[in-house]
Amino acid sequence: MIRVVGVLGVGQMGSGIAHVSALSGFEVRMLDLSHEIIDRATASIDRDMTRRLARGTLSEAEKNSAMARLRGDVDYAVFSDCDLVIEAVTEDEATKRGVFAKLCPVLPPDAIIASNTSSISITRMATTTDRPRRFIGLHFMNPVPVMRLVEMIRGIATAERTTEEAGEFVAKLGKTAVPSEDFPAFITSRLMLSLLNEAVFILHEGVGTVEAIDVAMRLGANHPMGPLELADFIGLDTCLSVMRTLHEGLADTKYRPCPLLVKYVEAGWLGRKTGRGFYDYSGETPVPTR
């Protein structure tokens, strides 16, 4: 049974996973490169819970109890009592392999390792650990506290018991697990990033402006965010990484990353997190950059 959950990397996704795990009654261990990052993530979780408190969807006792279940450190030994550790570092396979090498020696033998990857092979990453049978993909959607879906990806060696326990964990978070086979970018990223990449091609070819493309999909397809706005929210570097994974993994030219997407990433225009992408976020209202 999973009682103690580790979150390796507490950026936007990792802090969201820690947030929902603590609220669901799990003891949570957080790790990142510095105490400053951990403190920032903890403060962000506290702000989110305070907003829920103000809306009346969370009691003060529930908030205080959840915050007390959070513990962070920069030493991997913090994971020594974990039943499950969810890796949520940057979407780069070499980086993920590096953290798995540090994680495995401190984990209990039967602990599960899950990756929050949106596109990288679960089977391949599992082989770099000491427990392929206890390795699985748990791809949370952003923002984690709001989105109800978790994509659950079995590697070729993932044990049935691992899948069952991971599914029970997701259910306790109040989310729905959707199973996916271990193919490049799985279900959600393959569909969504193909749409976003095509939107960049439409912009690149001059078919429509940033504003026209986003308004068309918000009003014409009832999407809550336009595709270019969503790309900025996700991070253009992450979008490019997923498209390259699709292109290389499936060897199909329809997944070729748009040259304009590549150019924006090369320029350091990565979206909201850098203040500039398809929109400029330096003012009160985002302004299209093209």
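Read-outs throughout are calculated quantities, based only on the coordinates presented, and are distinct from any laboratory measurement. None of the values given here were measured: they were computed from a predicted structure. For neighbour counting, all protein chains shown are included, and Cβ atoms are generated from backbone atoms with ideal geometry for every residue, glycine included.
At a threshold of 8 angstrom on Cα-Cα distance, excluding pairs fewer than six apart, so keeping six or more, what relative contact order does the chain reach in percent? Walk me through the numbers on the way to the answer.
On the way: 511 pairs, mean separation 37.6, N = 290.
Relative contact order of the chain: 13 percent.
Each of Arg290, Arg276 was scored by other Cβ atoms within 10 Å of its Cβ. Arranged with the fewest first, they read Arg290, Arg276.
Taken over the C-alpha atoms, the stretch 116-274 has Rg and Dmax values of 17.0, 51 angstrom.
Beyond a 31 Å Cα-Cα separation, which of these cross-linked pairs lie in this structure: Lys172/Lys254; Lys96/Lys175; Lys96/Lys254? Please report the intermediate quantities before stating the final value.
Details: Lys172/Lys254 38 Å; Lys96/Lys175 25 Å; Lys96/Lys254 27 Å.
Distance filter (> 31 Å) returns Lys172/Lys254.
When the Debye formula is applied to the Cα atoms of the stretch 4-180, each taken as the same point scatterer, what base-10 log of I(q)/I(0) results at q = 0.15, 0.16 Å⁻¹? Reported log10 I(q)/I(0), two decimals: -0.78, -0.89.
Where the only charges are on Cβ atoms (+1 Lys, Arg; -1 Asp, Glu), what is the dipole of the chain about its Cα centre, to the nearest 20 debye? Walk me through the numbers on the way to the answer.
Values: 32 positive and 37 negative charges, 50 e Å.
Roughly 240 debye for the chain.
Each of Pro108, Pro132, Val74 was placed along the dipole of the stretch 65-141 (beta-carbon charges, centred on the mean Cα), and the one lying farthest toward the positive end is Pro132.
I'd like the FRET efficiency for Asp280 and Arg97, computed as 1/(1 + (r/R0)^6) with the beta carbon distance as r and R0 of 45 Å, rounded to 0.05. Display every interim value, and only then the final one.
Values: r = 36 Å, r/R0 = 0.80.
Efficiency, from the Cβ-Cβ distance: 0.80.
Can you give the calculated 222 nm mean residue ellipticity of the chain, where each DSSP H run of n ≥ 4 adds -39,500 (n - 2.57) and the sum is split over every residue, rounded to the nearest 500 deg cm²/dmol? Each step should come with its number before you reach the end.
Numbers: 11 runs with 130 residues, N = 290.
One gets -14000 deg cm²/dmol as the mean residue ellipticity at 222 nm.
Annotation note: trypsin sites (Lys or Arg not before Pro) in the stretch 110-171 located in DSSP loop regions with a Cβ neighbour count of at most 11 within 10 Å are Arg148. With the simple spin-label model, which puts each label point 7 Å out from Cα in the Cβ direction, the Arg51 to Ala267 separation comes to 2.9 nm.
Built from the Cα atoms of the stretch 1-43, the convex hull projects on average onto 2.8 nm², one quarter of its surface area.
Residues Met152, Met1, arranged from fewest to most other Cβ atoms within 10 angstrom of their Cβ, appear as Met1, Met152.
Residue exposure proxy: Tyr76, Tyr264, ordered by other Cβ atoms within 10 angstrom of their Cβ from fewest to most, comes out as Tyr76, Tyr264. Under a crude label model (7 Å from the Cα following the beta-carbon direction), how far is Arg244 from Arg161 in nanometres? Taking the simple label geometry, Arg244 and Arg161 are separated by 3.9 nm. Using only Cα positions of the stretch 187-290, each an equal point scatterer, no hydration layer, compute I(q)/I(0) via Debye at q = 0.14, 0.18, 0.23 Å⁻¹ and quote the log10 values to two decimals. Log-scaled intensity ratios, in q order: -0.48, -0.81, -1.30. For GluC sites (Glu not before Pro), the sites in the stretch 185-290 that DSSP calls loop and that have at most 11 other Cβ atoms within 10 Å are Glu205, Glu284. Annotation for Phe201 and Val287: the two label points, set 7 Å from Cα along the Cα-Cβ direction, are 3.2 nm apart.
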